[in-house]
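Below is one structure, written out as structure tokens, with a few remarks after it.
The values are calculated or read from the model by the stated rules, or taken from the named source; none is laboratory data. On a predicted model such as this, the values are computed, not experimentally measured, just so you know. Glycine gets a Cβ as well: all are built from the backbone with ideal geometry, and neighbour counts include every protein chain shown.
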Amino acid sequence: MTVSSDYRPLADRLRPTRLDEFCGQRHLLAPGKPLYEAVRSARLHSMILWGPPGTGKTTLARMVAQQADAEFEPLSAVLSGVKDIRDAIARAQARAGYGRRTLLFVDEVHRFNKSQQDAFLPHIEDGTIYFIGATTENPSFELNGALLSRARVYVLKAIDEDDLLAVLERALRTELASPEGRVWDFPEEIRRWYARAAGGDARRLLGFLEITADLMPDAAAPVVSRELAEQVLAGGLSQRFDKQGEAFYDQISALHKSVRGSDPDASLYWLSRMMVGGCDLTYLARRIVRIASEDIGNADPRALALALNAWDAQERLGSPEGELALAQAVAYLACAPKSNAVYRAFQAARAEADATGTLEVPLHLRNAPTALMRGLGYGKAYRYAHDEPDAYAAGEVYLPEGLQGRIYYHPVPRGLEIKIAEKLAALRAASGIAPKTDAS
């Protein structure tokens with residue numbers, strides 16, 4: 001197919017230019033909201049637009065510039081370097097000389113390094129430019145604090161299904177209708193397939209429509225059939241997932257918290273989302289083992305063994321066979337009794353070890369391999385537990401001086417830890433030592 005030199009993608013042709021045309025983001029752009037009022041009244045300020053792809057970041061930046069009658073100066077952090085920044089600033093300074101404002105828009109701003117981000121600061125400060133950065137990554141992690149302090153952050157959300165259907169309808173009636181005004185026969189059910197497959201991304205949805213137009217057979221009454229839709233949408237839902245990005249950490253967090261919350265269905269859903277998104281299965285296996293220790297612990301020690309066995313099966317079988325073993329482990333962990341007692345005990349003991357790392361090992365616990373050491377009292381009066389009644393040396397002290405009686409491990413009243421708690425209570429009572437219940 002020959003494409004004319006003036007060809008513009010459907011997403012660009014359909015880009016809204018007025019606030020009342022903007023689809024979605026009502027939490028920011030409804031009347032009375034600060035950003036809506038700022039754009040409507042042409043009050044420029046520097047900002048960071050953070051949100052998933054296809055949610056209108058570039059469109060909103062262009063709209064801000066147009067509404068404020070400012071020059072729109074776009075840069076892409078993927079394609080631009082320091083020279084491009086300098087050239088853009090020079091043009092902005094020239095415009096400022098005759099009283100025209102410049103809105104400098106940087107797409108994918110998180111891809112600029114610290115020095116590149118710092119290059120904007122003096123020009124934001126002196127009013128040479130108003131700065132808008134667009135990013136799909138969490139600005140807290142990816143942008144310099146100095147830049148963040150000079151710009152307000154607005155969070156854009158994935159576009160919901162109803163708003164995507166409105167975008168689709170607008171495209172059908174304005175850009176895809178025949179010269180006579182004839183609109184495709186596009187059943188509601190199939191429209192919703194398109195909206196769901198777009199995954200909150202309006203640009204992706206409009207890309208589907210362009211492919212549909214290319215594949216549409218010539219007919220007096222164009223019909224989007226199920227067969228055509230399946231051909232266009234082959235490959236399924238676009239997953240918002242980046243192995244180094246915000247979506248990755250959000251989804252592993254959702255998986256962990258679903259297991260902790262004893263919801264096997266949600267746990268399997270988030271596991272599947274990460275697998276479909278291309279997550280490294282070894283990473284998932286490691287996290288599942290961590291969950292078994294952190295959130296199940298001694299309430300069901302079998303959980304750790306099962307998690308390790310699942311990891312082993314995954315390593316041996318690979319994908320897709322090994323995925324089922326990970327799913328089995330996740331389902332078991334979600335249904336198992338929960339205890340973070342060992343996790344909390346380890347954290348408390350670790351903190352106290354950091355704070356008291358110079359305390360001496362009690363003499364009776366020290367190793368005594370030489371006559372000199374034995375003469376100095378190393379190992380003296382140590383009571384060998386196996387020689388004591390019930391293999392327990394009641395009253396024996398194992399912590400350094402000053403920490404005796406400290407308790408870090410508090411078993412929970414669930415699963416096997418019920419029995420563990422009963423045994424520890426009996427042993428401590430036999431020792432006759434009043435425990436200290438905190439680690440302060």
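Could you give every pair whose Cβ atoms fall below 8 Å, whose first residue belongs to the range 86-115 and is within 14 Å of Pro139 (Cα to Cα), and whose second residue is surrounded by fewer than 12 Cβ atoms within 10 Å (Cβ to Cβ) and of a type in the set (A, V, I, L, M, F, W, C), counting only separations of at least 6 or pairs across chains?
Final answer for the pair search is Asp107/Val78; Glu108/Val78; Arg111/Val78.
Give the residue, chosen from Gly245, Gly207, that is surrounded by 12 or more Cβ atoms within 10 Å (Cβ to Cβ), among the small types (Gly, Ala, Ser) and modelled with pLDDT of 85 or more.
Only one candidate qualifies: Gly207.
Could you give me the residue pairs with C-beta distances under 6 Å whose first residue belongs to the range 348-365 and is among the acidic types (Asp, Glu), whose second residue is part of a loop (DSSP other than H, G, I, E, B) and modelled with pLDDT under 85 wherever it lies, and which are 6+ apart or on separate chains?
Short answer, once both residue conditions are applied: Glu352/Ala439.
Just give me the residues in the range 221-234 being of a type in the set (A, V, I, L, M) and under 16 Å from Leu172 (Cα atoms), in sequence order.
Ala221, Val223, Val224, Ala229
Residue check, Ile159 against (1) among the β-branched types (Val, Ile, Thr); (2) assigned to a helix (DSSP H, G or I); (3) touching a Cys at 6+ places or on another chain (Cβ under 7 Å), all met but one. Which one?
For Ile159, the failing item is (2).
Is it true that Ala61 is touching a residue at least 24 places away in the same chain (Cβ under 8 Å) and over 30 Å from the mean Cα position of the chain (by Cα)?
No; evaluated as a whole, the condition is false for this residue.
Here are the criteria: (1) surrounded by 15 or more Cβ atoms within 10 Å (Cβ to Cβ); (2) within 17 Å of Arg152 (Cβ to Cβ); (3) out of contact with any Asp or Glu (no Cβ under 6 Å at 6 or more places or on another chain). Tell me which single one Thr58 does not satisfy.
Going through the list (1) surrounded by 15 or more Cβ atoms within 10 Å (Cβ to Cβ); (2) within 17 Å of Arg152 (Cβ to Cβ); (3) out of contact with any Asp or Glu (no Cβ under 6 Å at 6 or more places or on another chain), Thr58 breaks only (2).
Could you tell me how many of the residues in the range 373-396 are part of a loop (DSSP other than H, G, I, E, B) and either at positive phi or loosely packed, with under 11 Cβ neighbours inside 10 Å (or both)?
Residues in the range 373-396 being part of a loop (DSSP other than H, G, I, E, B) and either at positive phi or loosely packed, with under 11 Cβ neighbours inside 10 Å (or both): 5 in total.
Looking only at the range 276-286, count every residue that is in a helix (DSSP H, G or I) and buried (at least 17 other Cβ atoms within 10 Å of the Cβ) and tell me the total.
Matching residues across the range 276-286 total 3.
I'm trying to understand the selection: among the residues of the range 358-372, which are surrounded by 13 or more Cβ atoms within 10 Å (Cβ to Cβ) and not in a loop (DSSP other than H, G, I, E, B)?
Leu363, His364, Leu365
Among the residues of the range 14-23, is there at least one that is within 17 Å of Ile129 (Cα to Cα), touching a helix residue (DSSP H, G or I) at 6+ places or on another chain (Cβ under 6 Å) and buried (at least 19 other Cβ atoms within 10 Å of the Cβ)?
Within the range 14-23, not a single residue is within 17 Å of Ile129 (Cα to Cα), touching a helix residue (DSSP H, G or I) at 6+ places or on another chain (Cβ under 6 Å) and buried (at least 19 other Cβ atoms within 10 Å of the Cβ).
I'd like the residue in the range 409-433 that is of a type in the set (Val, Ile, Thr) and part of a loop (DSSP other than H, G, I, E, B) and, out of all such residues, is nearest to Lys338 (Cα to Cα).
Val412
Can Arg173 be described as within 32 Å of the chain's Cα centre (by Cα) and among the basic types (Lys, Arg)?
So Arg173 does not fit the description; no.
Any residue at all in the range 33-48 that is touching a Ser or Thr at 6+ places or on another chain (Cβ under 8 Å) and modelled with pLDDT of 90 or more?
Among the residues of the range 33-48, at least one is touching a Ser or Thr at 6+ places or on another chain (Cβ under 8 Å) and modelled with pLDDT of 90 or more, which makes the answer yes.
Pairs needed: first member in the range 125-146, farther than 12 Å from Glu108 by Cβ and in the same structural domain as Ile89 (by TED's automatic domain parsing); second member anywhere, among the charged types (D, E, K, R) and outside any loop (DSSP other than H, G, I, E, B); C-beta distance under 7 Å; at least 6 residues apart or different chains.
These pairs meet every condition: Asn138/Glu246; Asn144/Lys114; Asn144/Asp118; Ala146/Asp118.
Is there any pair linking a residue in the range 39-55 that is closer than 13 Å to Asp107 by Cα to one that is of a type in the set (Asp, Glu), with Cβ under 7 Å and at least six apart or on different chains, and which?
If the second residue must be of a type in the set (Asp, Glu), the pairs left are Pro52/Asp201; Pro53/Asp201; Gly54/Asp201.
Are any residues in the range 313-357 of a type outside the set (A, V, I, L, M, F, W, C), surrounded by 13 or more Cβ atoms within 10 Å (Cβ to Cβ) and part of a helix (DSSP H, G or I), and if so, which ones?
Gln314, Glu315, Gly322, Glu323, Gln328, Tyr332, Tyr343, Arg344, Gln347, Glu352
Inspect the range 397-408 for any residue being more than 30 Å from Leu281 (Cα to Cα), part of a loop (DSSP other than H, G, I, E, B), more than 46 Å from the chain's Cα centre (by Cα) and without any contact (Cβ under 8 Å) to a residue 12 or more places away in the chain and give the result as yes or no.
No - not one qualifying residue is present in the range 397-408.
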